[in-house]
Amino acid sequence: MTIDGWLQDLKIALRSLAKQKGWTAVAIVTLALGSGANTALFTIVNATLLRPLPFPDSGQIVSVSEMDKGVDHGTVPVPTFSEWGRTARSFSALAAYASTSAVLGSVDLPEVVNGARVSESYFRVFGLNPIRGRVFTVDEDQPGSPDVVVLSEQLWRRSFAADIAIVGKTIVLDGTPSEVIGVMPAAFTTARRAQFWTPLRVAASGTAAGVIRYYSIVARLRPGTTVTAARDELAEIDKRLDLQKPESARGWEPVVMTLHTRRFGDSRPALLLLFGAVGVLLLIACANVSSLLLARAARRQREFAVRIAIGATRGRLVQYLVCESLVLALAGGLLGVGVAIAAVRYFVSIGPGWIATVENIRVDGAVLLFTFAVSVITGLVFGLVPASDAGRGDLAPALASGNARATHTARQNRLRRALVVAELATALMLLTGAGLLTNSFARAISVDPGFRPQRLLAATLDLPRSRYTADRAGAFYTEMLERVRALPGVKSAALASGRPPASRRMSFTTNDNGKESPRIDVTAVGDGYVETIGATLIAGRAFSTEDGPTAPPVAMINETMARVMFSGRNPIEQRIKMGGTPEGVTIVGVMKDMVQLGTEAGPAPFVFLPVSQDGAGRGMTILARSAGEPELLENPIRQIVRSLDAAQPGPTFTTMEEALADAIAPLHFTFLLLGIFASVAAILAAVGLYGVMAYLVDDRTREIGIRVALGADRSQVIRTVVGTGMTLTLIGIVAGFGLSLAAVRLLRTMLYKVSMYDPWTFAAGAAVLVLAAFLACYLPARRAARLDPMVALRAE
């Protein structure tokens with residue numbers, strides 16, 4: 001097999017494929033769909049699951065948190081963090097951080113930017129040096145130290161024109177002058193895409209007034225230390241700490257995982273599922289092309305016989321056919337790159353927020369290398385099957401024949417039928433998975449969220465700490481709420497600490513009998529909240545203007561809280577004790593549960609406290625129900641904020657319909673892509689079956705002509721041909737059910753209120769495949785029935 005021989009075969013292959021443009025185009029497009037889908041998903045998987053984080057020895061960076069009763073809180077209380085930092089030997093650096101935001105700039109051009117307050121060791125955990133200046137020192141992380149800030153490269157370039165003299169200059173964050181001491185490189189992507197970092201000063205955030213602070217934790221493992229060893233060490237430390245912890249945090253267990261897992265863990269199952277789906281799609285495409293090549297090889301038996309008769313070896317014939325297959329595969333791969341680029345652009349445009357750094361996903365050199373490898377491997381796989389049959393057996397009949405009609409061997413027929421059965425089985429597996437996700441999505445969007453999201457707008461503000469005390473923030477939101485209520489088109493408005501059903505904080509509570517509740521959600525809401533969000537009050541009353549700061553403390557609870565805490569007793573006028581309210585609060589109302597869409601978990605116990613008694617935070621949400629389109633209220637609300645504080649940027653707006661759509665976005669995204677792949681797989685399987693039936697009719701042309709000439713009814717011909725195809729389909733469906741039963745287990749964490757063995761979904765997938773297969777069989781069968789017997793007999 002010399003290079004000259006390969007080049008000669010390449011020229012012959014190109015000429016041969018060019019003569020059959022239609023056949024070649026079908027083969028290339030089929031492969032392009034398979035390889036393009038694989039390349040697109042590999043691009044996404046490579047950017048998220050395979051590519052390491054952009055930090056030195058990133059596998060040693062871990063996220064540390066605590067969990068209670070199987071729930072990972074994602075944070076750690078300050079006393080625990082301090083003890084871990086003092087005694088743990090598993091880490092070379094342990095750091096705490098908290099996401100934040102600040103108003104950057106002057107009154108004329110205020111800008112809200114995301115940032116983080118971090119402990120001094122934070123930058124050592126990640127191991128990246130600043131491109132300008134330096135990072136915090138231990139002294140700068142102490143209470144009373146001058147205010148300093150480290151900027152991201154993106155913020156430095158966008159807002160400060162990449163000023164090379166930025167270090168040492170003073171900028172204003174939330175009205176407080178801060179000295180810029182450094183600029184971190186663009187690769188330093190951390191918590192919530194922070195654009196600046198200020199000292200956390202944990203010592204200043206201790207346990208004043210009995211309030212325990214909680215922070216997110218990252219750490220760098222010492223060389224040779226494993227994640228398991230670090231978790232075991234922290235568990236031992238926690239046992240000693242239990243008596244020093246607040247009662248609500250006792251018995252918590254440490255959670256240690258790599259930062260990569262923390263960032264991308266939620267997206268791993270869906271991406272791996274989709275990657276498996278497109279792998280199956282590629283196999284179906286290869287089976288189709290193999291089937292096409294088998295049929296083509298059968299038609300070329302006389303050509304092969306002539307080649308061997310004039311001296312070509314069987315090895316050289318196999319080399320030529322493999323070369324032809326590689327040409328098809330590489331052409332399909334090249335077109336597949338275009339398909340992949342378009343698919344990735346679409347993926348990025350819909351931007352699923354559950355996949356971190358989605359905007360950085362693009363086709364790169366590693367992806368192109370992967371595509372080349374896939375193309376070569378698939379070329380060899382689908383090319384060797386027909387090539388292995390070329391030139392086998394007695395070639396004398398082929399030489400004696402004066403025409404080029406296909407001379408299929410029994411082995412070739414068995415191979416082609418087996419390929420079609422495999423295609424049908426795998427297509428049914430994908431259709432079943434897509435059906436389960438479709439069913440899940442339909443159930444998710446039909447769930448009653450417990451309130452009316454239509455025409456409900458949420459405007460969220462975060463007032464700067466430097467300019468707003470708690471009292472001033474309360475006065476600001478009170479005035480803003482009154483002005484929003486007075487806007488034309490506003491039916492009602494209310495203040496809350498977050499969008500429904502989100503909570504502001506987590507807490508524990510006890511009732512008068514001393515019974516401790518499970519972990520509950522607590523949120524602060526104002527008067528008019530129930531009416532504004534369209535919730536249902538089951539018992540008692542909602543908050544009113546009379547529930548002021550000097551009035552007796554009150555609360556509302558949800559159905560789940562009433563059931564868990566009061567076991568069927570009437571909760572109205574019952575008192576519950578909570579942290580910060582030792583005298584207890586009186587329950588005045590019970591609301592219908594609000595659910596978190598997209599999760600199988602039921603509603604959590606919920607307590608609602610009046611904003612007027614619990615106090616307005618600096619970050620609050622105005623909820624406004626509009627008589628028309630809620631987006632029309634955005635500009636008037638911006639003007640209200642501007643009139644109250646010209647230095648305060650406008651709120652972040654979200655319609656509640658958008659918020660609920662975001663909640664089920666991962667399910668929708670997976671359902672959409674898997675549905676596309678399953679549809680393409682079903683089409684390819686049907687095309688493969690059509691090809692088999694078309695060649696079967698072609699092989700049996702003389703037999704069909706004789707049958708018709710002897711008086712066979714044309715409907716009998718159709719039944720015979722369709723019956724053969726549907727037999728293959730039935731075998732494929734039986735095999736597909738077996739594959740589906742094994743494969744749907746991968747979906748169990750993605751399904752919403754649907755059994756992974758739902759019989760109706762399995763039946764629907766089979767019905768779709770039967771319909772596609774019937775059409776694929778009926779078309780060549782009808783053509784066979786229309787054959788003129790004399791023309792059919794002369795064909796031989």
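Each reported figure results from applying straightforward, stated rules to the coordinates on display, with no laboratory input. What you are looking at is a predicted structure, and each value in this text was computed from that prediction instead of being measured. No Cβ is skipped: glycine too gets one built from the backbone with ideal geometry, and neighbour counts run over all protein chains shown.
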With r defined as the distance between the Cβ atoms of residue 719 and residue 7 and R0 fixed at 45 Å, what FRET efficiency is calculated, to the nearest 0.05?
0.30
Give me the distance in nm between label points sitting 7 Å out from Cα along the Cα-to-Cβ direction at residue 706 and residue 19, one decimal.
3.1
Principal axis extents for the range 37-173, Cα atoms only, whole Å, descending order, please.
49, 48, 28
Zone of residue 491's modelled label, taken as backbone nitrogen in the range 626-656 under 18 Å from a point 7 Å along Cα→Cβ:
626-634, 655-656
Magnitude of the charge dipole, the range 1-145, Cβ model with Lys/Arg +1 and Asp/Glu -1, debye to 20:
900
How far is the Cα center of the range 2-78 from the Cα center of the range 421-459, in Å?
26
Note down the net charge around residue 162, summing +1 for each Lys or Arg and -1 for each Asp or Glu among other residues with Cβ under 10 Å from its Cβ.
+1
Which whole-Hz ³J(HN,Hα) couplings does the range 607-617 yield from phi under the Karplus relation 6.51 cos²θ - 1.76 cosθ + 1.60, θ = phi - 60°, glycine and proline marked x?
10, 10, 10, x, 4, 5, 9, 7, x, 7, x
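Sort the following peptides by mean Cβ neighbour count (other Cβ atoms within 10 Å, averaged over residues), highest first: 180-189, 147-156, 81-90.
Numbers: 180-189: 19.9, 147-156: 21.5, 81-90: 17.2.
So the order, starting with the most tightly packed, is 147-156, 180-189, 81-90.
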Two-site label geometry, residue 124 and residue 583: point separation in nm, points 7 Å out along Cα→Cβ
4.8
For the range 725-786 and the range 152-188, distance of Cα centres in Å:
59
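For a protection proxy built on the mean count of beta-carbon atoms within 10 angstrom, sort 429-440, 224-235, 488-499, 552-563 highest first, please. Numbers along the way, then the final one.
Working: 429-440: 26.2, 224-235: 15.3, 488-499: 19.7, 552-563: 21.7.
Result, highest mean first: 429-440, 552-563, 488-499, 224-235.
What's the FRET efficiency of residue 478 with residue 160 using the Cβ-Cβ distance as r and R₀ = 60 Å, to the nearest 0.05? Before the final figure, lay out each step's value.
Values: r = 37 Å, r/R0 = 0.61.
Here the calculated transfer efficiency is 0.95.
What is the gain in length, in nm to one decimal, between residue 742 and residue 414 on full extension, counting 0.36 nm per residue of separation less the C-alpha to C-alpha distance? Kindly include the intermediate steps, with their values, before the conclusion.
Details: separation 328, 0.36 × 328 = 118.08 nm, distance 2.63 nm.
Answer, rounded to one decimal: 115.5 nm.
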Compute the distance in nm between two label points, each set 7 Å from the Cα along the Cα-to-Cβ direction, one at residue 176 and one at residue 193.
2.5
Placing one identical point scatterer on every Cα of the range 25-89 and ignoring solvent, what is log10 I(q)/I(0) from the Debye formula at q = 0.22, 0.25 Å⁻¹?
-0.99, -1.05
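Grab the Cα-Cα distance for residue 68 and residue 111, subtract it from 0.36 nm times how many residues apart they are, and report the gain in nm with one decimal. Intermediate results must be reported in sequence, preceding the final value.
Details: separation 43, 0.36 × 43 = 15.48 nm, distance 3.84 nm.
Length gained, residue 68 through residue 111: 11.6 nm.
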So if I place +1 on the C-beta of Lys and Arg and -1 on the C-beta of Asp and Glu, and nothing else carries charge, what would the dipole magnitude of the range 440-502 be about its Cα centre? I want it in debye, nearest 20.
140
Ordered by residue, what ³J(HN,Hα) values in Hz, to whole numbers, does the range 589-594 give under the Karplus form 6.51 cos²θ - 1.76 cosθ + 1.60, where θ = phi - 60° and Gly and Pro are x?
x, 10, 9, 4, 4, 9
Among 100, 32, 67, which residue has its Cα positioned farthest towards the positive end of the charge dipole of the range 7-100, with +1 placed on the Cβ of Lys and Arg, -1 on the Cβ of Asp and Glu, and the dipole taken about the Cα centre?
32
Stretch residue 239-residue 147 to full length: gain in nm at 0.36 nm per residue minus the Cα-Cα span?
29.4 nm
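Report the FRET efficiency, 1/(1 + (r/R0)^6), for residue 546 and residue 634, where r is their Cβ-Cβ distance and R0 is 30 Å, rounded to 0.05.
Values: r = 32 Å, r/R0 = 1.07.
Plugging the Cβ-Cβ distance into 1/(1 + (r/R0)^6) gives 0.40.
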